[in-house]
Amino acid sequence: VLVESVLVFAVVLSVHAVVWDRFSWCAVALALQAFYVQFKWDRLLQLGGAVFQFRGAANSGLLPASMVIPLLGVVMKERCRAAGIVYFERFGVVVASTGMLLALFLSVLAVGITKPVPTNTCILTGIAGSVIIYTMKHSLTVSEVIEVLEVLLIFVYLSMILLYLLPRCFTPGEALLVLGGVSFVLNQLIKRSLNVVEGRGDPIDFFLLVAVVGVVLLGLVFTVLFVFMDSGTWISSMFFHMMTAVLGLGVIMPWLYRLIQRNPLFWLLQFLFQTQTRLYLLVYWTFLAASACGVVFYQNAKRSSESKKHQASTITRKYFHFIVVATYVPGLIYDRQLLYVAAVLCLAVFIFLEYVRYFRIKPFGQTLRHLLSLFLDERDSGPLILTHIYLLLGMSLPVWLFPRSCAPKGTLSGAGALVPYSGVLAVGVGDTIASVFGSTMGEIKWPGTKKTFEGTMTAIFAQIIAVALILIFDSSVNLNSSYAWILASVSLVSLLEAYTTQIDNLLLPLYLQIMLMA
């Protein structure tokens, strides 16, 4: 935990040194108080007094998770300010303020339920909170303050509902990241739906907002519904599919139509088949999806043919990382907008299939349970299987969060040009190579972890080679001699992978994106 905290502080101070404004000072204050409160959360988890049931075999992860959204907002604000885009500069300020307020809420919650009351931590949290609120008071407009408070309110209600319904699925830090992100998306969707201006806004951004909110809404509806009926019967399964169609065609489609001012299905088909390059990419991705399914069926056939219980090895699970890299790299090089939309569709399909598996919806629910149980690891301790969804999110978030409006000619200068590749570098290359080489050839272990020195060093070297290949094949990337910063960023994130107990597929790409954008 201490080494993980040191690495997070290194990222915070790096961003602070580059930005050096009131919000970067607030980020430093937030990191200091989160470091102390993290130990209170860890103690609550060990004693079983943390209100909800959180994922075991991991620390609370409050410090690394608390800094992600604020730092993303700070670096986005700085990039958009440099580009002269005032609207998105203010948007970055709102993101940073929202992230800080959500993190402070979790900190206050931990301090409040800790007995006896930790006086020193209370004082530190109070000082950090006062600094942050004072800065927000002098930086945000009234409408922006209301927006931040709306997100906090949504987060509180979502947390109470989902953490109760999904025990042992998240650590406190992962809950902050996932539920904070969903709360922000929901608030943005409501805000944009109430202020629709024809011709303003990119349809693919609206598509992401509606898809995320739609699948979450779908899950909440079915969770309430199946409290009163058995989800494993044919009648319940028919009702599930009918309700999916009703909600999709009766709520989600009209909502998207209001935002983009055209038929969503016609727009999507026209978008997907607009150019010949997109057609080739779709055929190629279909082949890779079939290959991934083939790996699942082959491993399950191998399990059934063996007398002893067979579980997929680390190397086998990393096959999917290689397939995902092969999926994303051509999309990033040839058509990022298509990759953006395809990733949204894939996320919606993944979450829908997880609903089918979780609720045992016929005819595929039980089959999916059997097929996916082979690939479970210690992080899938709750009722949901989320590792494959986290892998998709880790690869997609740098693409979705890339500030296109603040990037002249579609790309940022210097190390920022690699921002869309953050997921590919951190998870697709770094994490995969570290796991494969560490588990097969690693001998020197990092103190206090199962990760090896050889795995981490190999991961750093592999990511440097990947950056060189990106420079060769993607002509839009121009690093402007920022090689030292890239090496430091890759090294910090690789060391974080060795020491964090949080979901690395989600955390590592975001930290690499923050460093590259800074």
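Structure notes:
- Identity of the residue in the stretch 448-475, outside any helix (DSSP H, G or I) and without any contact (Cβ under 8 Å) to a residue 60 or more places away in the chain, that ends up farthest from residue 496 (Cα to Cα): 475
- Count of residues meeting criterion [open to solvent by less than 30 Å² (accessible area, probe 1.4 Å), of a type outside the set (S, T, N, Q) and out of contact with any Ser or Thr (no Cβ under 7 Å at 6 or more places or on another chain)] in the stretch 437-454: 0
- Index of the failed condition, residue 266 passing every other in (1) outside any helix (DSSP H, G or I); (2) without any contact (Cβ under 8 Å) to a residue 12 or more places away in the chain: (1)
- In the stretch 23-42, the residues that are without any contact (Cβ under 8 Å) to a residue 60 or more places away in the chain reach residues that are assigned to a helix (DSSP H, G or I) and of a type in the set (Gly, Ala, Ser) with C-beta atoms within less than 7 angstrom, at least six apart or across chains, in these pairs: 35/5.
- Residue within the stretch 62-69 that is open to solvent by 10 Å² or more (accessible area, probe 1.4 Å) and more than 19 Å from the chain's Cα centre (by Cα) present: no
- Checked against (1) under 20 Å from the mean Cα position of the chain (by Cα); (2) open to solvent by 30 Å² or more (accessible area, probe 1.4 Å); (3) of a type outside the set (Asp, Glu), residue 360 passes all but a single condition, namely (1).
- Residue satisfying condition, being in a helix (DSSP H, G or I), more than 16 Å from residue 279 (Cα to Cα) and at pLDDT 85 or above, within set 332, 347, 339: 347
- The residues in the stretch 360-391 that are in contact with a Phe, Trp or Tyr (Cβ under 6 Å, 6 or more places away or on another chain) and in a helix (DSSP H, G or I) can be counted, and the count is 1.
- Scanning the stretch 392-414 for residues that are outside any loop (DSSP other than H, G, I, E, B) and not small (Gly, Ala, Ser) yields 392, 393, 395, 397, 398, 399, 400, 404, 406, 408, 409.
- Residue within the stretch 97-104 that is farther than 17 Å from residue 32 by Cβ and part of a loop (DSSP other than H, G, I, E, B) present: no
- Subset of the stretch 446-475 [in contact with a Gly (Cβ under 7 Å, 6 or more places away or on another chain) and either among the polar types (S, T, N, Q) or within 13 Å of residue 333 (Cα to Cα) (or both)]: 452, 463
- Selection count, the stretch 167-188, where residues are surrounded by fewer than 20 Cβ atoms within 10 Å (Cβ to Cβ) and touching a Phe, Trp or Tyr at 6+ places or on another chain (Cβ under 8 Å): 2
- Being out of contact with any Pro (no Cβ under 7 Å at 6 or more places or on another chain), modelled with pLDDT of 90 or more and of a type in the set (A, V, I, L, M, F, W, C) is a condition met by no residue of the stretch 365-384.
- Qualifying residue in the stretch 480-498 (condition: surrounded by fewer than 24 Cβ atoms within 10 Å (Cβ to Cβ) and among the aromatic types (Phe, Trp, Tyr)): yes
- Close pairs (9 angstrom Cβ cut-off, 6 or more residues apart or separate chains): free of Cβ contacts under 8 Å to residues at least 40 places away in the same chain in the stretch 162-177, buried (at least 24 other Cβ atoms within 10 Å of the Cβ) anywhere: 162/170; 162/175
- Filter pass, residue 7 being out of contact with any Ser or Thr (no Cβ under 9 Å at 6 or more places or on another chain) and open to solvent by 10 Å² or more (accessible area, probe 1.4 Å): no
Residue-wise test of (1) of a type in the set (Val, Ile, Thr); (2) crowded, with 19+ Cβ neighbours inside 10 Å; (3) over 24 Å from residue 339 (Cβ atoms).
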position: 203; (1), (2), (3): no, no, no
position: 206; (1), (2), (3): no, yes, no
position: 209; (1), (2), (3): no, yes, no
position: 225; (1), (2), (3): no, no, yes
position: 232; (1), (2), (3): no, no, yes
position: 235; (1), (2), (3): yes, no, yes
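- Just one of (1) open to solvent by 70 Å² or more (accessible area, probe 1.4 Å); (2) in contact with a Ser or Thr (Cβ under 9 Å, 6 or more places away or on another chain); (3) at pLDDT 90 or above fails for residue 161. It is (3).
- Of all positions in the stretch 83-90, none carries a residue that is open to solvent by less than 10 Å² (accessible area, probe 1.4 Å), in a helix (DSSP H, G or I) and not acidic (Asp, Glu).
- Looking across the stretch 98-120, the residues that are surrounded by 23 or more Cβ atoms within 10 Å (Cβ to Cβ) and over 30 Å from residue 407 (Cα atoms) come down to 106, 107, 110.
This table checks each residue for (1) open to solvent by less than 30 Å² (accessible area, probe 1.4 Å); (2) without any contact (Cβ under 8 Å) to a residue 40 or more places away in the chain.
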| position | (1), (2) |
| --- | --- |
| 73 | yes, no |
| 96 | yes, no |
| 122 | no, yes |
| 134 | no, yes |
| 145 | no, yes |
| 152 | no, no |
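- Scan of the stretch 398-414 for residues that are among the hydrophobic types (A, V, I, L, M, F, W, C) and either modelled with pLDDT under 85 or open to solvent by 30 Å² or more (accessible area, probe 1.4 Å) (or both), ordered by number: 401, 406, 407, 412
The values are calculated or read from the model by the stated rules, or taken from the named source; none is laboratory data. Model, not experiment: these values are computed from the prediction. When we count neighbours, we look across all protein chains shown, and the Cβ atoms used for this are built from the backbone with ideal geometry, even at glycine. To get the accessible areas, we keep the full protein, side chains included, count just its heavy atoms, and leave off ligands, DNA and RNA. Shrake-Rupley method; radii C 1.70, N 1.55, O 1.52, S 1.80 Å.
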